[in-house]
């Protein structure tokens, strides 16, 4: 083996060994400043109900601006998250039906407009403590109230969502999301667990248990990325049972697995890959016949964080529908 190749291989092995032994922190961080966040995602879903299989493909782009203020005497910071653009394209019923929405080109006739238009004009505020924990969220309850006004047909459903996804519930969900990250520094090979009680509007509550493992730490271009794999299982608890529900769910079992790439320096997940299967049993309100269905989903998401708005990434995603690669 030529000397240069030996040196290159030795350097690679030494770097890998160093990262494997190194302890890294996977804690979410909110540094003061203004950040542009471009969230790009693709989801392919198949729903089986008896002999019938229905496929659905969704691409979504959310462009957000996050302003994090300086800390006060107690270390608390105020942050404002505003949605600057939302684009969603849905291909449903095995390609027989499409629904599209672009907040830059609003079309009130789109079925997605009632839900997406108010969100695209929303701003949420958060209070973040000295340990980067979100302690307060406002704006989501107000958003659902506005959606009730613009979409009277869905007012009842939105009212129930407001009860399940008000400001306090959103704060708890954000906190649960960050709890999926280990509180201590970890090395490659270490594992940890998370238990989540997730409210599901008009369905009930999902109890989800997730096992995580730090499988690798790599140097990717100019940043250090931690690779975290996960496997989770969940089932339905406290099923909603009111006469107003169109479906009464008696069973919902979830299995999921995937991986997350975490930017250690920025304290952010930059890419997530998720495979999930859901098996459900339900009964139509007032009916006797049961309904059984299963849903499989493959989801990929990329989060780009930049100091200025990343218009090039927006154009590329809208033109191709493809996510940026890791190369």
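Tabulated values for the structure
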item	result
Residue list for the range 89-131, filter: farther than 30 Å from residue 53 by Cβ and either part of a helix (DSSP H, G or I) or within 19 Å of the chain's Cα centre (by Cα) (or both)	117, 118, 119, 120, 122, 123, 124, 125, 126
Filter result for residue 80 (out of contact with any helix residue (DSSP H, G or I) (no Cβ under 9 Å at 6 or more places or on another chain), surrounded by fewer than 17 Cβ atoms within 10 Å (Cβ to Cβ) and within 22 Å of residue 36 (Cβ to Cβ))	yes
Residues of the range 32-52 that turn out to be under 30 Å from residue 254 (Cα atoms), touching a strand residue (DSSP E or B) at 6+ places or on another chain (Cβ under 6 Å) and surrounded by fewer than 14 Cβ atoms within 10 Å (Cβ to Cβ), as a count	1
Candidate set: the range 132-149, residues that are without any contact (Cβ under 8 Å) to a residue 24 or more places away in the chain and over 21 Å from the mean Cα position of the chain (by Cα); chosen: the one nearest to residue 73 (Cα to Cα)	142
Subset of the range 184-195 (residues that are surrounded by fewer than 17 Cβ atoms within 10 Å (Cβ to Cβ) and under 18 Å from the mean Cα position of the chain (by Cα))	195
Options 97, 61: the member that is at pLDDT 85 or above and under 29 Å from residue 254 (Cβ atoms)	61
Counted residues, the range 34-80 - those being free of Cβ contacts under 8 Å to residues at least 60 places away in the same chain and under 20 Å from residue 130 (Cβ atoms)	14
Residue 141 part of a helix (DSSP H, G or I) and at pLDDT 70 or above	yes
Residue among 52, 88 that alone is touching a helix residue (DSSP H, G or I) at 6+ places or on another chain (Cβ under 7 Å) and within 30 Å of residue 292 (Cβ to Cβ)	88
Some residue of the range 71-78 being in contact with a strand residue (DSSP E or B) (Cβ under 6 Å, 6 or more places away or on another chain), closer than 24 Å to residue 276 by Cβ and assigned to a strand (DSSP E or B)	no
Qualifying residue in the range 304-318 (condition: in contact with a helix residue (DSSP H, G or I) (Cβ under 9 Å, 6 or more places away or on another chain) and either buried (at least 17 other Cβ atoms within 10 Å of the Cβ) or at pLDDT 95 or above (or both))	yes
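The values are calculated or read from the model by the stated rules, or taken from the named source; none is laboratory data. Please read these numbers as outputs of a predicted model, since none were measured by experiment. Neighbour counts are summed over all protein chains in view; Cβ atoms, including those assigned to glycine, are modelled from backbone coordinates with ideal geometry.
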